1. Does residue 27 meet the test of being in a helix (DSSP H, G or I) and under 10 Å from the mean Cα position of the chain (by Cα)?
2. Please work out which one of (1) assigned to a helix (DSSP H, G or I); (2) modelled with pLDDT of 95 or more; (3) out of contact with any helix residue (DSSP H, G or I) (no Cβ under 6 Å at 6 or more places or on another chain) is the condition residue 41 fails and give its number.
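The values are calculated or read from the model by the stated rules, or taken from the named source; none is laboratory data. The shown structure was predicted, so the numbers you read here are calculated from the model rather than taken from an experiment. Positions of Cβ are generated from backbone atoms using ideal geometry, with glycine treated the same way; all protein chains shown enter the neighbour counts.
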């Protein structure tokens, strides 16, 4: 095996390892959201369909939040902005309002 091929294998393994760590951290974060604010977590799941996609969305910068992530929006105390963005994505303001009240 050439030195270059060995280097690519090493890079590939490291990327797979860090990707698995990132995925685990994202899912752990979403699990914490489910425990702290279940109604909000339910809405995120409704919009994105599964935990993996929901957790990824929570960690990606969003135009709706001026380039911040949903986690940053929550840290800043602006949960309302998160609900509004989810309602807009879902197109279901009535359902979101009901979840807000239940939560």
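1. In short, yes.
2. Result: residue 41 fails condition (3) only.
Residue-by-condition table, conditions (1) surrounded by fewer than 11 Cβ atoms within 10 Å (Cβ to Cβ); (2) in contact with a helix residue (DSSP H, G or I) (Cβ under 9 Å, 6 or more places away or on another chain); (3) in contact (Cβ under 8 Å) with a residue 24 or more places away in the chain; (4) on the phi > 0 side of the Ramachandran plot:
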{"site": "6", "(1), (2), (3), (4)": "yes, no, no, no"}
{"site": "9", "(1), (2), (3), (4)": "no, no, no, no"}
{"site": "17", "(1), (2), (3), (4)": "yes, no, no, no"}
{"site": "57", "(1), (2), (3), (4)": "no, yes, no, no"}
{"site": "64", "(1), (2), (3), (4)": "no, yes, yes, no"}
{"site": "79", "(1), (2), (3), (4)": "no, yes, yes, no"}
{"site": "83", "(1), (2), (3), (4)": "no, yes, yes, no"}
{"site": "89", "(1), (2), (3), (4)": "no, yes, yes, no"}
